Amino acid sequence: MPNITLSGVAKSYGGGDYAVKNLDLTVPDGAFMCLLGPSGCGKTTTLRMIAGLEQPTSGTIAVDDRILDSVERGLYVPPEKRGMGLVFQNYALWPHLSVRENVEFGLRMRKVPAPERRAKAEAALRMVHVDAAMDRYPSQLSGGQQQRVALARMLAINPSVLLLDEPLSNLDARLRLEMRAELKRIHEESGATIVFVTHDQLEALTMATDIAVMNEGELQQLAAPMEMYARPANRFVAEFVGSPPMAIIDVVPPGGGRASTGLAASLTRFAESRVGPCAPAAVGVRPEALRLGTPPSGAGWREEAVVEAVLPAGSSWTVRLRVLDTELYAVSYTPVDAAPGDVLDCWTEQMHLFDADGIRIFSLDGAEVRA
Amino acid sequence: MAVATKAETPPSPPPPPPRLRRLVYRLRVLRHEPTAALGLILVVLLAYLVVAPLVAVLSDAFRVQYGDDVHAGQQAGEWTGYYLWRVLRSQISGLLFWEPLLNTLVIAVGTTLFALVIGGGMAWLVTRTNVPGRKWLAGALVVPYMLPSWTFSLAWLSLFKNERAGGQVGFLQAQGIRTPDWLAYGAMPIIITLGLHYYPFVLLLVGNALRRIDVQLEDSARILGAPRRTVVRRIVVPLMLPALSSAVLLVVGRVLGTFGTPYVLGLPADYRVLSTGLFQSIRDRSTGVASVLATVIVIIGVLIVFTDMRLMREHRRFVTVGGKGAMDRLGDLRRWRWPAFALGLLAFGVSVLVPILTLLLSTVTRTPMDLKTFTLDYWFAERLPGAVGFPHGVFRGAEMWEAAWNSLRVVGLASLICAVVGLLVGYVVVRGTAPKVAAFLRQVSFLPYLVPGIAFAAASLSLFAVARGPIPALYGTTFLLILVMAVTHLPYSSRSGIAAMTQLGVEPEEAAQIAGASWWQRMRRIIFPIQKGALVTGVVLPFISGLKELSIVIMLTTTGTQLLTTLSIGLVDYGYTQLANAVVLVIALVSFTMTYLTQRLTKSSLASGIGG
Ligand SMILES: Nc1ncnc2c1ncn2[C@@H]1O[C@H](COP(=O)(O)OP(=O)(O)OP(=O)(O)O)[C@@H](O)[C@H]1O
Ligand SMILES: [Mg+2]
């Protein structure tokens, strides 16, 4: 099974702007990698370059030892010879072909004899549960069915590299859950290397073996999901991964100098009491790490908080607090018995410290200090 | 899994590899990507077929032509202002240019007003009132546009012709009523007959605009206390302005390039317009003068279209999105309902029934319209005494059939080329691998739209009449006819090609590419099958319009390459009125039937074929 390497890949669509800047990325053999990032950060561009639909301005793309693109060495393999599978964001089914013909197309291009073609297409359609609609046309299918057909069309040729561009974004919540499970199963059964584009961080956290977070054409961090959550490389990743997003409080006030009162100062004092002087520029606290009530044994950081609003959301409660000079959100998974105006204790044992460049210095988690 | 954190310094894009390396890579990519080659081929093709003729005619206008060296006092081939002087400032320039220009203007203005009054009025009737049978009227009143434009002029002659020109006289004259020249020929009949042909144009454009106006806009003005007249003046008319100005400019543009009607109704009275003047100069082999005239027509045509586009852009901010109520409420005409219907019927009668019946009757009677002299000889006789050049009925002998076959062949092939090239232009533009190529194709394929057909034909003659380099002289070949016909219809087909491909997007093709399909397989199995419908309309619409085309082909046909349209005009020249009428009826029947069937089958509206 293949691993995909991109080295020094950059892409400009003309003009001075780069959609992807100097990307070094290795998708390990058999990985389920999510490319995660905000809209316009270059995820689709990256995926299309791997597929060969877009050519890099510089850099090399290879699968195992086979170089697919190398601007420097003048090597290029066209998409039709790369043998990858790609699912487009809006499916791109061929409207003039029936579902069966859509799925058989790739096999036909590979000159697979008709009976075998039929069998393989049917198997692929069964796998995604649309074999009942085999003789219909794409326009006669629901969005979810179309999406599955697009998947089956890709699976029929049994590619070892699967590329998916936000394939679940057009589905309703229930179908999306179902398809996530389906994709995981397909990944496990086929052992293919998958690159999956999404801007939904929950999707990335639940499905991926590895996540690559991109922003403005740059790779921000490449890590396993929980690793990414526990040790975000920088402020961008910290804010982007996790929901609701991490609160990051700047230590240096806008006027310069160092404030000695306020939430930031309080958090910094606590951190420095644990690890010695470290002069962070910002401190981040995840809402779900911020607890209400008396801390168990006086460990951790604590401060008094005024409740401003309680927002129940089914299984969790979001509480808007004012702590010293700052507004913070806390998420609780147990009912919160408080009314606006109440004064409570809030505390946490987890925080992330960032330097002036936004790079994470270290994280505190209970007694542990993670570099 | 190791944690790759962001580097200390943010990665800036690496310096692009050396130019040569990039070139090698680029070529490697292009080898697998025939789109680029296709784009290049199309660029060369269009540059040669569209741009080169215009350059050639411009250069002919300023170069001494063979045989003119004595008059110009310069060697043949030298640059000269002689023709410009001859056309604009010499003693004969009044005859050559100023008078035809004035006549053209008179006719353009007259026709436009005529078409505006009838077309605008009828548009209002069928879209905004409860006139009985509005659906039927809306369809029936478009029929004149499906007939060849000079059908009406032949009908006019059949009614009003006097003995001034040779051949059979018209109905009135045959009844002993003398028809004065001003009634039989010249400005007035030309304006009326052209107006009858072009009012559907206004009807469609204005009707569409009226339909789009939100009634609520009017309602709110009424509620604010504006009387009905003020509402019309302050709300409706300003909102209609874009459609009106567009209709006016398009009609003017068409009149500028139209040949048949002014030829049939103008020439007997020596009433010349620019298009017939151009034709005569070509026929007299005064290439230099013809080139100047063609250039002038091109310039006026370009100005008109640019003005239109300019106005459209300015008016765009007026566009209002029609609300739901837009269609439901129709003005109640009350006791004027039936008179209004009668008016609509009158328009239909005058613009369709009268001309067609007149032509039909004239072909089946020996004395005009006198049923006592009923005969089918003009259609079927083996021998027609007295007709030397065409001594038999139109359905006998080879001439009509040959012309019909030529028409079918030339127009059919041209339409096919047009549709395929249009789709390919759309393909290259949408694939967008080379933005400059795409922009060039988009603009150049639109260029013939700016140039009235007759001027474009003259331009093509400049380029192709003589052998140039490896390309032999093409004058008199059907090949040239096909080329010119295809090029002049290219703006419509490339526009619809671009629209069709834009709507499809690149992803279906990319999906096929990922699935392992080569370029040919993608074209054969994905692009063309999906665009089958667009391709069929892309063939049929130019075919219908090409079948009726006269202005473009009149200068390019020779005795060996007659088309139905030129055959009919040739018969007019001979004075064989009945035979000419019969041929026009055949064209009208074919083109009407095809238009009707196409609308039925493809549900496409004629409006989309008009004025692009
Ligand atoms: N064909 C193109 N021509 C010019 N610029 C482009 C083109 N395609 C993408 N871009 C630009 O490149 C950048 C990255 O685009 P890309 O489509 O890769 O974003 P994305 O991460 O997939 O975003 P989304 O989540 O919205 O799909 C954007 O700024 C976009 O405007
Ligand atoms: Mg995208």
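So, restricting to strands (runs of 3 or more DSSP E) that lie completely within segment A:6-67, which ones have at least 1 residues that are under 22 Å from residue B:17 (Cα atoms) and within 12 Å of ligand 1 (Cβ to nearest atom)?
A:18-27
Considering only segment A:163-201, state which residues are away from ligand 1 (no atom under 16 Å from the Cβ) and either of a type in the set (Lys, Arg) or within 14 Å of chain B (Cβ to nearest Cβ) (or both).
Within segment A:163-201, A:174, A:176, A:180, A:184, A:185 meet the criteria.
Out of segment B:510-525, which residues are in a helix (DSSP H, G or I), farther than 16 Å from residue A:154 by Cβ and at the interface with chain A (Cβ under 7 Å from one of its Cβ atoms)?
Within segment B:510-525, just B:521 meets the criteria.
Give me the residue from segment B:28-87 that is charged (D, E, K, R) and without any contact (Cβ under 8 Å) to a residue 40 or more places away in the chain and, out of that set, farthest from residue A:52 (Cα to Cα).
B:69
Does residue B:450 satisfy the condition of being over 22 Å from residue B:561 (Cβ atoms), of a type in the set (A, V, I, L, M) and modelled with pLDDT under 85?
yes
What is the one condition in (1) more than 23 Å from residue A:221 (Cβ to Cβ); (2) within 16 Å of ligand 2 (Cβ to nearest atom) that residue A:45 does not satisfy?
So the condition that residue A:45 fails would be (1).
Out of all the residues in segment B:142-151, is one or more of a type outside the set (D, E, K, R), assigned to a helix (DSSP H, G or I) and at pLDDT below 85?
For segment B:142-151, residues of a type outside the set (D, E, K, R), assigned to a helix (DSSP H, G or I) and at pLDDT below 85: present.
Within segment A:48-70, can you find the residues that are within 8 Å of another protein chain (Cβ to nearest Cβ) and either within 13 Å of ligand 2 (Cβ to nearest atom) or of a type in the set (A, V, I, L, M, F, W, C) (or both)?
A:51, A:53
Limited to segment A:1-42, what total is found for residues that are more than 23 Å from residue A:237 (Cβ to Cβ), touching a residue at least 12 places away in the same chain (Cβ under 8 Å) and either within 16 Å of ligand 2 (Cβ to nearest atom) or aliphatic (A, V, I, L, M) (or both)?
Total meeting the criteria: 1.
Report, by residue number, each residue of segment A:202-220 that is within 16 Å of ligand 1 (Cβ to nearest atom) and either in contact with a strand residue (DSSP E or B) (Cβ under 6 Å, 6 or more places away or on another chain) or of a type in the set (A, V, I, L, M) (or both).
Listed by number, the residues that qualify are A:202, A:204, A:211, A:212, A:213, A:214, A:217, A:218, A:219, A:220.
Just to be sure, is residue A:113 within 9 Å of chain B (Cβ to nearest Cβ) and away from ligand 1 (no atom under 16 Å from the Cβ)?
Spelling it out, it is not the case that residue A:113 is within 9 Å of chain B (Cβ to nearest Cβ) and away from ligand 1 (no atom under 16 Å from the Cβ).
Every residue in segment A:19-30 that is within 9 Å of chain B (Cβ to nearest Cβ) and crowded, with 20+ Cβ neighbours inside 10 Å, please.
A:20, A:21, A:22, A:23, A:25
Can you pull out the residues in segment B:362-381 that are assigned to a helix (DSSP H, G or I) and either touching a residue at least 60 places away in the same chain (Cβ under 8 Å) or small (Gly, Ala, Ser) (or both)?
The answer is B:362, B:363, B:378, B:379.
If you take just the strands (runs of 3 or more DSSP E) that sit entirely in segment A:286-371, which of them hold at least 3 residues that are closer than 19 Å to residue A:244 by Cα and either out of contact with any Leu (no Cβ under 6 Å at 6 or more places or on another chain) or within 14 Å of chain B (Cβ to nearest Cβ) (or both)?
A:301-313, A:316-323, A:326-332, A:350-354
Are there helices (runs of 4 or more DSSP H) fully within segment B:7-113 with at least 3 residues that are within 14 Å of another protein chain (Cβ to nearest Cβ)? List them.
Ranges flagged: B:19-31, B:34-46.
Quick check, is residue A:74 without any contact (Cβ under 8 Å) to a residue 12 or more places away in the chain and facing chain B (nearest Cβ under 7 Å)?
Yes.
For segment A:212-253, name all the residues that are surrounded by fewer than 22 Cβ atoms within 10 Å (Cβ to Cβ), in contact with a Lys or Arg (Cβ under 7 Å, 6 or more places away or on another chain) and at positive phi.
A:242, the sole residue that qualifies.
Kindly indicate which of B:119, B:139, B:133 is in contact with a Pro (Cβ under 9 Å, 6 or more places away or on another chain) and not aromatic (Phe, Trp, Tyr).
B:119
The values are calculated or read from the model by the stated rules, or taken from the named source; none is laboratory data. Quick caveat, the model's predicted, so the values are computed rather than measured. So basically every Cβ, Gly included, is an ideal-geometry build from the backbone, and we count neighbours across all protein chains shown.
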